[in-house]
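The block underneath contains the structure these notes are about, expressed in C-alpha cells.
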Amino acid sequence: MESLILLRPFSSSSPFLSPNTSLSIPKPITRRISPHHRHSSSSCAVHLSLSYDITNNAPEPVPAPAPAPVPLFSNWTPPRPLWRGLSALILAGQVARRALSGRIHRRNTLQQLERVGPRSTGVCLLTAAFVGMAFTIQFVREFTRLGLHRSVGGVLALALSRELSPVVTSVVAAGRVGSAFAAELGTMQVSEQTDTLRVLGAHPIDYLVTPRVIACCLSLPVLTLLCFAVGLASSAILADAVFGVSINIILDSARRALRPWDIISAMIKSQVFGAIIAVISCAWGVTTHGGAKGVGETTTSAVVLSLVGIFIADFALSYCFFQGAGDSLKYAM
C-alpha cells in the first residue's frame, strides 16, 4: 500500500474572513512513497550500523600456521623386486637367529625333511643318471681317440663331484620343492592363515619358514652324494657298453683323481643352494598378494630367481674353492 501525504499551502488571506469570497479549496499535493524504498532505506541503515559494530568488535585475524615440511621419501614406494629382496635378507637373518637359539618346531621339521629328502630322491637320481650318460657321450670318444681312455674316470668323477651333482640336484629341488614352498605359503598368506597363526600364538617364521630352510640344508647334501654315485655308475656302464672302456679302469681312475675336498666342496655347495631355494621361496610366499593370480606369479618368480641364485652362487663358490691350476688329473693317468 502506498501512503498519502497531504500538503496544504499556507495563505496570508484566509477565505473565511470574507463572506463574499468563494471558497476555493486547493487540490492536495500527493507524493507516493514506495514501501520497498522505505524498507530498503531502513534496512540499509541497520546493516551499516550492524556492520560497523561487528567490524569494531571483531578479533584480530589469526595467521595461518606454516605447512609442515614434507619428508624426502614420504611419497616414494620401493619397487616390488627390491622390497622382496630385502624381505628375503631379513628372513634369512631371522631364520639363522632362531635356529641358533633352538626355536625350532621339531614335528614340522621332520615332515619337511621327509618331503624334501625321500620324496625327491627318485627324480633326482633319474636326472643325475641321464646327465652323467649325456656327459659321457660328449667326451669319451675324443679321449679314446687320443689314447687317454685311462683318464675318463677321473674326468667324470671331477665333473660330477664339483659341478654336475650339486647343480643338477639343486635345480631339481628348486623346480619340485621351491615351487611347492612358494605356492603353499602364498596361498596361506592370501587366505590370511598366517594371521590366524599369530592369533593362536605361533610365530609364522618358527612354524613355517625355519623347518623348510633346515630341511633343505640337511637334505640336499645327501641327495648330492646319491646323485654323484648314480651319475658315475651310469657313466661307467655306458662307457663300457658303447665305447669299450672297462668299468674297472673308470673306477680306478676316479679313485685316484678324487680328493676329500672335492666331496666336501660339493656338500658345501648343496647346502648353500638349499638355503637359497628355501629362503627365496618362503620369502616370496609370505609376501604374496593378489589372490590366485598373485600365487601363480609368486611361484614362477620364486623358481626363476632360485635358479639364477644357484648359478651365481655356483660361480662364486667355484672361484673360491678351485683357484689356480689343479693337478688332480695327473694322478688319474
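Looking at the structure I just gave you, is GLY231 in contact (Cβ under 8 Å) with a residue 24 or more places away in the chain, under 17 Å from the mean Cα position of the chain (by Cα) and either more than 22 Å from ILE90 (Cα to Cα) or surrounded by 17 or more Cβ atoms within 10 Å (Cβ to Cβ) (or both)? When the stated conditions are applied, GLY231 does not pass them.
Restricting attention to region 83-109, the residues being touching a helix residue (DSSP H, G or I) at 6+ places or on another chain (Cβ under 7 Å) and either free of Cβ contacts under 8 Å to residues at least 24 places away in the same chain or not in a helix (DSSP H, G or I) (or both) number 3.
Taking (1) within 30 Å of VAL155 (Cβ to Cβ); (2) buried (at least 21 other Cβ atoms within 10 Å of the Cβ) in turn, LEU317 satisfies each apart from (2). Being surrounded by fewer than 20 Cβ atoms within 10 Å (Cβ to Cβ) and closer than 16 Å to CYS282 by Cα is the requirement here; does THR187 meet it? Yes; evaluated as a whole, the condition is true for this residue.
How many residues are out of contact with any Phe, Trp or Tyr (no Cβ under 7 Å at 6 or more places or on another chain) and either buried (at least 21 other Cβ atoms within 10 Å of the Cβ) or of a type in the set (Asp, Glu) (or both) when one looks only at region 287-302? Reasoning before the result, please.
Initial filter on region 287-302 (out of contact with any Phe, Trp or Tyr (no Cβ under 7 Å at 6 or more places or on another chain)): 287-297, 299-300.
Within this subset, residues satisfying the condition of being either buried (at least 21 other Cβ atoms within 10 Å of the Cβ) or of a type in the set (Asp, Glu) (or both) are 288, 295, 297, 299.
Qualifying residue count for the region: 4.
Exactly one condition in (1) modelled with pLDDT under 90; (2) acidic (Asp, Glu); (3) farther than 25 Å from VAL242 by Cβ is not met by GLU142; state its number. It fails just one condition, (3).
Tell me, please, whether a residue that is open to solvent by less than 20 Å² (accessible area, probe 1.4 Å) and in a helix (DSSP H, G or I) can be found in region 130-139. Step through it out loud before you land on a result.
Within region 130-139, the subset open to solvent by less than 20 Å² (accessible area, probe 1.4 Å) is 132, 136.
Still in the running and in a helix (DSSP H, G or I): 132, 136.
Checking region 130-139: at least one residue is open to solvent by less than 20 Å² (accessible area, probe 1.4 Å) and in a helix (DSSP H, G or I).
The values are calculated or read from the model by the stated rules, or taken from the named source; none is laboratory data. It should be emphasised that the depicted structure is a prediction, and the values quoted were computed from it without experimental measurement. Note that we place each Cβ from the backbone using ideal geometry, even for glycine, and neighbour counts take in every protein chain shown. Side chains included, ligands, DNA and RNA excluded: accessible areas come from the protein's heavy atoms. Shrake-Rupley method; radii C 1.70, N 1.55, O 1.52, S 1.80 Å.
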